[in-house]
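All remarks here apply to the structure that follows.
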Amino acid sequence: MEDFTQIREGILRDIRSSVSLEDAEDKRIKYLSKKGEITLLFGQIKTIAPDKKREFGQFVNSLRDEALDLINEVKAGFSDKNKEPIDTTLPGRKFYRGRYHPLNLIKDELKTIFGQMGFSVATGPEVETEYYIFDALNMPSWHPARKTTDSLYVDKGRLLRTETSSVQIRTMEKGKPPFRIISPGRVYRNEKENATHTAMFTQCEGLYINRGVSFAELKGTLKEFFKALYGKNTQVRFRPHFFPFTEPSAEVDVSCFKCGGAGCSLCKSSGWLELGGCGMVHPKVLENVGVDSEEFTGFAFGLGIERLAMLKYGVNDIRDFTENDLRFLEQF
Amino acid sequence: MKISAGWLKKYTDFEINSENIDDIVHKLAILGFECESVEHIKNSFDNFCVGKVTECIKHPNADKLSLCKVDIGAETLSIVCGAPNVAAGQTVPVALVGAKVKDFVIKKTKIRGEESVGMICAEDELGLSDNHDGIMVLDDSYAAGTPLKELFGFEDTVLELEVTANRADALGYIGFAREFAYLTGTELKIPEVSLTESAEKSSDSVKITVLDPAACPRYCGRVIKNVKVQDSPEWLKQYLTSVGLRPINNVVDITNFVMLETGHPLHAFDLDNVAGKEIIVRKALKDEKFITLDGKGFTLNENILMICDSEKAVALAGVMGGLNSGVTQTTTDVLLEVAYFNLADIRETVKLTNLHTDSSKRFERGIDPNDSEYVINRAASLIRELGGGEILAGTVDVYPEKITEKSIKLRLSRTDKVLGFHIDKDTIISSLNSIGLKTEVEDSDTLSFTIPTFRPDITQEIDLIEEAVRLYGYDRIPEITLSTISLAPVVNREEKTADSIRENLRNLGLSETLSKSMVDGKYCTPFERKPVKIGHPLNEEMNHLRNSIVLSLLQTAGKNIRRKNGRIGIFETGKIFFYDNGDIREINSAAVLLTGKRNFQSWNEADSDYDFYDIKGISEEFLSCFGKNELVFSSGKCPSYFDSDASVSVFKNGSLIGYYGTLDTKTLEIFEIGQPVFCFEFDFAGIGHLSGRDEFRISELSKYPRVIKDISVLMDKYDNAERVAEQIRKTCGKLLTDITVVDIYTGDQIGSDKKSYTFRVVFQSNDRMLKDREIEYLLKNIIEGLKNDLKLEIR
């Protein structure tokens, strides 16, 4: 009799475990159809000892009834007659979310990372005087950037800023060190437009002036920043360069975030991406804004937001950013 | 600056090869010379050899062709040649079958019925020069069959290096090699000059007068007589070609060669064309005319430094020579000029003429005034070597005030402070010494260096610190971060406002755009603020600064409509520019634009277009983001680019903070937009001053149920909902918690001059359950008020 109990419990457990209407129907066929397992048990009665035949017959009969009831019960649980069928494959109702402009996405990211590193955001005018763009920045009177062929002048002495460094000068003029700011904003050049150059683009410059600020700290700071932007294995490389407003100056290369420095199409097999310029603020610039260059030192850096966005999102034409084609914007 | 590895080897003992090139390129970048390209030049002249023309007769079927028999050692070839100068007895370069000449491969062929196996080549066909004036004739000493590779074959690597604006010295091989020798730990080798001078003196053949010694502190002249001006030898032509210069003749090529070698530009005059055998250095006269050797004419002014003879100007000093005095094939006596000009004066000339030459590029950055003697002697000896002649004794050297070497101090403590790490004193001394800076004084903290005059960029201590760290290696700078406590952040109010506006508008389903600040002036006209013109615009499409953000949004909308982008819901924040009482002002501004489809047809909804009520809804929801403000909306009184019948001004505490509504069709025409456009424009600063969400306090929730009732009111077609709502509010007082319009009916049943609005009113009390009769009383009062006070009918 132990056998019977085991068989019965196995079958009922199996029926109870049905996961859908179709599954329950499959179980009915498996046990109760003409060649179903329970039906076939009736045929086994002739192999049973005569004194047990009656008991076996009762067992199979009641098992059949029990199984049928259970299958119907299980099926009823799956089919609610009052429910309307839902076609889950129809398209959902359309919702629209507002998109970030890719340049703002990058700008916001820079603001967040530098913000956490203690940099405040500073802003300033886009139409500037020559003093804030050139003179205060140690840019000699003969420097090519001063020519109308290189910069966009509004009138004599006033032009669209070519760097956001003017914001640094204005910030330092107004206060006393320490200063720790970034100045994201638009800058302008008198430059013919093509896939990699536009007359207007977006810079994010940074400035940190304090006692004991050094070139090595600049390198460390930029490395920390790029690690936050591109991942913890990011490396930073400095190459000597020349800018009138910083000394020593460097161009900043960052190990390619796509290939990790092994060389790929993004970094033109060099393993490095050139991402900005930086240096120690020139003593003359500090003196121009009344900061004692013996007591205070500081660094400045500049990053091109378009360049960061082009690399990050694979944008090949810089003009796409101000074209504002919604098919472009809706990808962000 | 292009550097040939083959030539660089002559100034240091280091050889660049395929094994070490990558390492060198990397190290040069770290030293401050970024390599923009590496070019391998190779010409092995496969299938070219020397031939002897043994026979040359006229082609029977063509006047201009000749039939030649050419002995190439192993055999004699028949070659048809079209060059007029071909003749029997010549030794010539021959391209054999299989040779590649320019872009085609030589094959055995028939030309006008005569067999031709190979080709006799001109110089350009060998890639030796641009010369195509007939076939090249070689020296007879070459045996027939000699592979051409033995004569002209070469292989070189040319590096294109970026030299920063402060480093004029590195624009010459010697200057660059000084850095390269430091980099590779080799010795700098400066070519020695041995001069054979004749008894006659230069000073007897030419007189030099400098009228403006401030602009021209030094002028050296030297005369070489009876020079044979001819083509340069192959090595010189190849060298100049490999770095991108065109060979001209031996004298001009030598001046270019010595400029590339020393970084000091020099000029050669045909002495016979120097009137009065006199050089006068002076400023140009106002409106003086001059034609440069490339045939361009210029009108000069008093700022332009000129080299003149006793009658006329012969060169724009330091920039370019004139058409009238250059060295040509007929020149016999050469006057060499090696001068030092004031940087600013050269820049004046470049600014006026826009001539950026190899010479001006070097003078503008500042060259060494004190290497003039070496430079002029080096050029003179090379001219004698390659063109014969006699070098007259002595240099005419006008150098009234010698420019001397300066001495600059470097404090080791200061170096540590600026760099943030320590470089050993001996390391600093030996590295600076090896690039030509001599140590003068040395004590525990202060070093003093003599700065050679070829490094005019080093003028103060910080320049020395930079050199010290550059030579130490930028790749060895440690990466330090100091864990000091952050400065308290300074909140930038404008930036915070912009971020808050952007966030809230994005949350309303609108996408950010960013447009150019520069626009075509014609688009500024609908907007009331006086636009700012750009003095020298790039083009007419960018000749003004935008005076409205709506302008930018309309440009964007127009583009997207033309591209069939159907759903346009956008906003922009940014600067606008205008004149205010004669001053240029720039302010932050922001606006929203809706046009086209609100949504597209789908199985569950019909498609529909944006309308006035979308911009109204967005404006209201947006303004509610900035706290509970008492806002007053007033129809009309909007700027003229809004449709006066479908626009609303928004006031807060009596001051205007924005407009929304439908735009005027005339304005849309300017932007070539033919469909309705809806805008919401608001005062950026005004939004910034609205009380923020941070100051907002909740209203308590009532524990008692709400009662909702609908009232349909028959109104005149031109009547408005607010008049009715105001009357209902007045009647009900505090018990009315909400009122809205839930249905509008128009139709024949009520007459074409009428409409019916169904208002839904919600009653609730905070302190009690409203009784049925209270509600009835309120409804009765509402209906009576509408009937009696507003003369309206209730349906």
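The values are calculated or read from the model by the stated rules, or taken from the named source; none is laboratory data. Treat the numbers as computed from the prediction; the structure is a model and nothing was measured. Positions of Cβ are generated from backbone atoms using ideal geometry, with glycine treated the same way; all protein chains shown enter the neighbour counts.
Residues that are at the interface with another protein chain (Cβ under 8 Å from one of its Cβ atoms) and of a type in the set (A, V, I, L, M, F, W, C) within the range A:182-194 are absent altogether. Of all residues in the range A:130-153, those that are over 21 Å from B:ARG365 (Cβ atoms) and either touching a strand residue (DSSP E or B) at 6+ places or on another chain (Cβ under 6 Å) or not assigned by TED's automatic domain parsing to the domain that holds A:GLU173 (or both) total 2. Take the conditions in contact with a Leu (Cβ under 8 Å, 6 or more places away or on another chain), more than 13 Å from chain B (Cβ to nearest Cβ) and surrounded by fewer than 16 Cβ atoms within 10 Å (Cβ to Cβ) and apply them to A:LEU273. Does it pass? Considered against the rule, which asks whether it is in contact with a Leu (Cβ under 8 Å, 6 or more places away or on another chain), more than 13 Å from chain B (Cβ to nearest Cβ) and surrounded by fewer than 16 Cβ atoms within 10 Å (Cβ to Cβ), A:LEU273 comes out as no. Taken over the range B:603-636, the criterion of being of a type in the set (Ser, Thr, Tyr), surrounded by 14 or more Cβ atoms within 10 Å (Cβ to Cβ) and under 17 Å from B:ARG567 (Cβ atoms) is satisfied by B:TYR610 alone. Residue check: is A:HIS197 facing another protein chain (nearest Cβ under 8 Å) and closer than 30 Å to B:CYS35 by Cβ? No. So which residues in the range A:152-170 are at the interface with chain B (Cβ under 9 Å from one of its Cβ atoms) and either surrounded by fewer than 24 Cβ atoms within 10 Å (Cβ to Cβ) or charged (D, E, K, R) (or both)? Hits for the range A:152-170 are A:TYR153, A:VAL154, A:ASP155, A:LYS156, A:ARG158. Once the range B:130-150 is narrowed to residues that are within 13 Å of B:PHE45 (Cβ to Cβ) and among the charged types (D, E, K, R), the residue that is surrounded by the most Cβ atoms within 10 Å (Cβ to Cβ) is B:LYS149.
Could you grab me the full set of residues in the range A:282-332 that are within 13 Å of another protein chain (Cβ to nearest Cβ), over 19 Å from A:LEU222 (Cα atoms) and aliphatic (A, V, I, L, M)? Correct list: A:VAL285, A:LEU286, A:ILE318, A:LEU326, A:LEU329. Of all residues assigned to the range B:110-121, at least one qualifies as being modelled with pLDDT of 90 or more and under 45 Å from the mean Cα position of the chain (by Cα). Based on this model, can you work out whether B:ILE480 counts as over 22 Å from B:ILE615 (Cα atoms) and either at pLDDT below 95 or not assigned by TED's automatic domain parsing to the domain that holds B:ARG598 (or both)? Considered against the rule, which asks whether it is over 22 Å from B:ILE615 (Cα atoms) and either at pLDDT below 95 or not assigned by TED's automatic domain parsing to the domain that holds B:ARG598 (or both), B:ILE480 comes out as yes. If you check B:ASP443, B:ASP416 for being out of contact with any Phe, Trp or Tyr (no Cβ under 7 Å at 6 or more places or on another chain), closer than 29 Å to A:MET172 by Cβ and among the acidic types (Asp, Glu), only one passes: B:ASP416.
The residue of the range B:444-460 that is surrounded by the fewest Cβ atoms within 10 Å (Cβ to Cβ), among those that are of a type in the set (S, T, N, Q) and more than 8 Å from chain A (Cβ to nearest Cβ), is B:SER444.
Only a single criterion out of (1) touching a Lys or Arg at 6+ places or on another chain (Cβ under 7 Å); (2) facing chain B (nearest Cβ under 9 Å); (3) without any contact (Cβ under 8 Å) to a residue 60 or more places away in the chain; (4) of a type outside the set (A, V, I, L, M, F, W, C) is not satisfied by A:TYR132, namely (2). Can you confirm whether the range B:520-536 contains a residue that is facing chain A (nearest Cβ under 9 Å), out of contact with any Gly (no Cβ under 9 Å at 6 or more places or on another chain) and surrounded by 18 or more Cβ atoms within 10 Å (Cβ to Cβ)? Within the range B:520-536, one or more residues are facing chain A (nearest Cβ under 9 Å), out of contact with any Gly (no Cβ under 9 Å at 6 or more places or on another chain) and surrounded by 18 or more Cβ atoms within 10 Å (Cβ to Cβ).
Here the range B:25-45 is the region considered, the condition is being away from every other protein chain (no Cβ under 14 Å) and in contact with a helix residue (DSSP H, G or I) (Cβ under 8 Å, 6 or more places away or on another chain), and the residue that is nearest to B:LEU138 (Cα to Cα) is B:PHE45. Every listed requirement among (1) surrounded by fewer than 19 Cβ atoms within 10 Å (Cβ to Cβ); (2) touching a helix residue (DSSP H, G or I) at 6+ places or on another chain (Cβ under 8 Å) is met by B:LYS237 save one, (1). The condition of being under 30 Å from A:PHE134 (Cβ atoms) and crowded, with 18+ Cβ neighbours inside 10 Å holds for only one of A:SER255, A:SER249, that being A:SER249. Among the residues of the range A:131-168, those identified as in a helix (DSSP H, G or I), in contact with a helix residue (DSSP H, G or I) (Cβ under 6 Å, 6 or more places away or on another chain) and of a type outside the set (Phe, Trp, Tyr) are A:ILE133, A:ALA136, A:LEU137, A:SER165, A:SER166. Can you say whether A:SER17 is without any contact (Cβ under 8 Å) to a residue 12 or more places away in the chain, within 56 Å of the chain's Cα centre (by Cα) and more than 30 Å from B:ASP607 (Cβ to Cβ), as far as the supplied structure shows? Taking the combined requirement at face value, the residue satisfies it. Within the range B:461-489, the set of residues being surrounded by 15 or more Cβ atoms within 10 Å (Cβ to Cβ) and in a loop (DSSP other than H, G, I, E, B) comprises B:GLY473, B:ILE477, B:GLU479, B:ILE480, B:LEU487. Taken together, A:ASN233, A:ASN210, A:ASN190 contain a single residue that is surrounded by fewer than 19 Cβ atoms within 10 Å (Cβ to Cβ) and over 28 Å from B:ILE458 (Cβ atoms), which is A:ASN233. If you go through the range B:354-369 and keep only what is out of contact with any helix residue (DSSP H, G or I) (no Cβ under 9 Å at 6 or more places or on another chain) and over 18 Å from B:ASP212 (Cβ atoms), you end up with just B:ASN354. Mind checking which residues of the range B:561-581 are among the basic types (Lys, Arg) and facing chain A (nearest Cβ under 7 Å)? Within the range B:561-581, B:ARG563, B:LYS575 meet the criteria.
Residues of the range B:588-604 that are within 22 Å of B:PRO531 (Cβ to Cβ) and at the interface with chain A (Cβ under 10 Å from one of its Cβ atoms): B:ASN588 alone.
Scanning the range B:408-440 for residues that are in contact with a Ser or Thr (Cβ under 8 Å, 6 or more places away or on another chain), surrounded by 15 or more Cβ atoms within 10 Å (Cβ to Cβ) and assigned to a helix (DSSP H, G or I) returns B:LEU412, B:LYS417, B:VAL418, B:LEU419, B:ILE428, B:ILE429, B:LEU432. Restricting the range B:476-501 to residues that are in contact with a strand residue (DSSP E or B) (Cβ under 9 Å, 6 or more places away or on another chain), within 7 Å of another protein chain (Cβ to nearest Cβ) and not polar (S, T, N, Q), the residue that is nearest to B:THR439 (Cα to Cα) is B:ILE477. For the criterion of being under 27 Å from B:ASN504 (Cβ atoms), modelled with pLDDT of 95 or more and more than 11 Å from every other protein chain (Cβ to nearest Cβ), A:LEU103 fails.
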